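Working notes, beginning with the structure itself.
Every number here is computed from the coordinates shown, using simple stated rules; none is lab data. What you see is a predicted model; the values in this text were computed from it and never measured. Here the Cβ positions follow ideal geometry from the backbone for every residue, glycine too, while neighbour counts run over all protein chains shown.
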Amino acid sequence: MKITYSTTTKLRLLSQFQNINESLKVFADYHNVGAGSLKRWIQQYLTGGLANLERPVHNRRYPKKLKLRAVRDYRNHRLPTREILLK
């Protein structure tokens, strides 16, 4: 079962992580959060601030140009899916 975290919880965990001297893995394990999730939240926060940590209420709609650019990036540059999503 997938656990969802509120924006407040994500922000609190990121703040705590910033103020300690532990590895990401140890911190994530102690707080029962996936290390990958924590890494993703850090990246989201660094690229878009608090707004990037919020879960959307509805599915996002993307313009056709953006979708085609993502497909081209995947096919031509062999970028990892996560990197394409961040772009």
Here the FRET efficiency for Lys64 versus Gln43, based on Cβ atoms and R0 = 22 Å and rounded to 0.05, is 0.25
Connecting every pair of Cα atoms under 10 Å apart in the chain and solving the GNM, the largest mean-square fluctuation among Arg72, Arg40, Arg60 falls on Arg60
Dividing the alpha-carbon radius of gyration of the chain by 2.2 N^0.38 Å, where N counts its residues, gives 1.28
With Cα coordinates, the longest principal axis of the chain makes an angle with the long axis of helix 7-18, in degrees rounded to 10, of 70 degrees
Taking Cα atoms only, helix 35-48 is inclined relative to the longest principal axis of the chain by an angle, in degrees rounded to 10, of 70 degrees
Relative contact order as a percentage, the chain, C-alpha pairs under 8 Å and 6+ apart, gives 23 percent
In deg cm²/dmol, rounded to the nearest 500, the helical mean residue ellipticity at 222 nm of the chain, built from -39500 (n - 2.57) for every DSSP H run of length 4 or more, is -19000 deg cm²/dmol
Close lysine pairs (the chain; alpha-carbon distance under 21 Å; 8 or more apart or on separate chains) counted at 10
